[in-house]
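In what follows, a structure is listed as structure tokens, so that the remarks can point back to it.
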Amino acid sequence: MSKQKKGQNTICTHTGGVDDPIFRGAVSPIYLSTSYDFLDQETKRYPRYFNTPNQEHLSKKIAALEDAEAGMLFSSGLAAVSAVMLSFLKSGDHAVIQNDIYGGTRNFIESHFESYGIQYSFTKDLTINAFKDCIQKNTKLIYVETPSNPLLKLVDLFAIAKLAKTHNIISAIDNTFATPIVQKPHTLGIDIIIHSATKYFGGHSDISAGAIASSQKHIDKIWDLAKDFGGNLSDFSVWMLERSMKTLGIRVKAQQKNAKKLARFLEQHPAVNKVYYPGLKSHEDHQLAKIQMKGFGAMLSFELSKSYDTVLFLKSLQLIKPSMSLAGVESTMILPALASHALLSKSERLAQGITDQLIRFSVGIESKKDLIYDIEHALNLSQKK
Ligand SMILES: *Cc1c(COP(=O)(O)O)cnc(C)c1O
């Protein structure tokens with residue numbers, strides 16, 4: 001058994017658990033100690049060193065799922081993003097950033113890079129040439145996020161990894177939307193994989209956490225900075241996250257199965273102008289999705305026809321919750337124009353393809369027929385007179 005590579009659901013359930021040799025319990029004991037013996041110990045343990053027993057063990061599950069050598073946990077997705085970026089970018093360096101990224105990440109870059117003396121370019125679009133065009137002599141990092149939010153556009157990860165290697169640049173991806181169940185960027189050559197574990201890893205909308213996976217060498221470098229920034233995850237949350245991740249594989253698969261059916265249902269519905277889901281043949285990156293993803297994930301967006309009031313539609317839903325966040329076992333929807341992209345002007349939003357009628361749908365594990373009923377019912381109540 002030990003020689004054989006473990007299957008994904010086995011990794012989810014077993015890898016990185018803390019053994020309980022005293023009571024032989026089935027689940028990991030939780031070690032809350034912040035104080036550890038320093039005499040004759042090889043490891044000097046301390047929470048902010050990311051090496052308490054629960055942190056150290058759960059990091060192995062993250063690494064195994066991403067097919068990487070090592071992993072690390074953080075108190076939020078942004079703590080992971082900022083630690084990675086500032087570990088590889090110093091004053092005078094330059095970063096190439098995908099133009100279509102999570103709002104909080106964009107805000108971190110635009111609000112703080114200049115004061116650190118770090119230069120950056122946002123790509124014109126998501127094509128490989130757009131990334132190529134941005135590379136300078138001092139470029140040290142290429143940063144991508146695929147599928148993107150909220151239009152689920154894809155970036156060719158194999159091509160990005162190749163481009164980065166050719167120019168001796170570090171590549172990093174925010175893999176939150178896909179999860180390692182759907183996409184393993186490290187196997188395509190991407191150096192560093194980042195997650196907001198607040199989303200699918202947690203999966204029950206009750207944990208704030210972040211995670212990264214990479215080679216031991218890169219993780220050591222990130223650790224060096226992160227231990228001084230202090231964004232470690234509390235061991236209570238680590239334990240909660242371990243429990244949640246046991247079902248990551250089956251949750252994500254159930255959610256993406258629902259998403260595919262809901263995408264098809266919405267695509268043929270007269271109230272819907274357009275559906276954005278990589279699993280649909282009509283999606284511009286469907287072919288690429290088939291190559292670099294295993295399944296198509298559980299996030300989709302759709303544009304309601306102008307004869308429907310989107311706010312009234314969301315208010316009329318009884319099962320699906322209007323929510324800022326995503327990826328829980330419960331289905332949620334958001335209006336990007338009023339929430340995640342509200343800080344942009346209307347013309348900036350339209351330039352990105354985000355209309356006021358666009359709704360992003362994080363599909364949960366509920367019974368498909370109930371989700372469809374909920375949508376039909378809310379549509380009936382939200383048609384403009
Ligand atoms: C939520 C999210 C983040 C930020 O994670 P936090 O845990 O909120 O800090 C980063 N990237 C993506 C794609 C996200 O959805």
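The values are calculated or read from the model by the stated rules, or taken from the named source; none is laboratory data. Model, not experiment: these values are computed from the prediction. Glycine gets a Cβ as well: all are built from the backbone with ideal geometry, and neighbour counts include every protein chain shown. Side chains included, ligands, DNA and RNA excluded: accessible areas come from the protein's heavy atoms. Shrake-Rupley method; radii C 1.70, N 1.55, O 1.52, S 1.80 Å.
Would you kindly state how much longer the chain becomes between Asn168 and Gln383 on full extension, computed as 0.36 nm times their sequence separation minus their alpha carbon distance, in nm to one decimal?
72.0 nm
Full extension from Phe265 to Asp125: what is 0.36 nm times the residue separation minus their Cα-Cα distance, to one decimal in nm?
Extending this stretch completely gives an extra 47.5 nm.
Work out the length of the dipole vector of the chain about its Cα centre, built from +1 on the beta-carbon of each Lys and Arg and -1 on the beta-carbon of each Asp and Glu, and round it to the nearest 20 debye.
Here the chain has a charge dipole of around 1040 debye.
Just subtract the alpha-carbon distance of Tyr116 and Ser35 from 0.36 nm times their residue separation and send over the number in nm, one decimal.
25.7 nm is the gain from fully extending Tyr116 to Ser35.
State which entries of Lys6/Lys260; Lys165/Lys290; Lys165/Lys217; Lys260/Lys368; Lys153/Lys260; Lys61/Lys217 exceed 20 angstrom in Cα-Cα distance in the structure shown.
Lys6/Lys260; Lys165/Lys290
Leaving out ligands, DNA and RNA, and with a 1.4 Å probe, what % of the accessible surface on the range 304-385 is carbon or sulfur?
Answer for the range 304-385 is 58 percent, counting heavy atoms of protein chains only.
Once neighbouring chains are kept in place and the probe is 1.4 Å, which whole percent of the accessible area of the range 1-150 is contributed by carbon and sulfur?
Carbon and sulfur atoms account for 50 percent of the accessible area of the range 1-150.
Can you give me the C-alpha center-to-center distance between the range 328-385 and the range 126-168, rounded to a whole angstrom?
With the range 328-385 and the range 126-168 each reduced to a Cα centre, they are spaced 28 Å.
Within the accessible area of the range 155-250, what % is carbon and sulfur when the probe is 1.4 Å and the other protein chains stay in place?
Within the range 155-250, the accessible surface is 56 percent carbon and sulfur.
Counting only other residues whose beta carbon sits under 15 Å from that of Asp19, what net charge do I get with K and R as +1, D and E as -1?
0
What number comes out for the charge environment of Ile101, summing +1 per Lys or Arg and -1 per Asp or Glu over other residues with Cβ under 10 Å away?
-2
If I model a spin label at Thr43 and Ala342 as a point 7 Å from the Cα along the Cα→Cβ vector, what separation in nanometres do I get?
Each label point lies 7 Å from its Cα, and together they span 4.3 nm.
So, by mean Cβ neighbours within 10 angstrom, what's the order for 210-223, 365-378 with the highest one leading?
The densest-packed peptide leads the list: 210-223, 365-378.
Counting heavy atoms of the protein chains only and a 1.4 Å probe, report the per residue accessible area for the chain as a whole number of Å².
Spelled out: the 1.4 Å probe surface of the chain, per residue, equals 46 Å².
Give me the net charge of Lys140's neighbourhood, meaning all other residues with Cβ under 9 Å from the Cβ of Lys140; Lys, Arg count +1, Asp, Glu -1.
Surrounding charge for Lys140 is 0.
So the label point goes 7 Å from the Cα of Asp206 along Cα→C-beta, right? Which residues of the range 335-369 then have their backbone N under 19 Å from it?
364-366
Out of Asn107, Asn232, Asn54, any idea which swings most in a Gaussian network model of the chain, alpha carbons joined below 10 Å?
With Cα springs under 10 Å in the chain, the top fluctuation among Asn107, Asn232, Asn54 is at Asn107.
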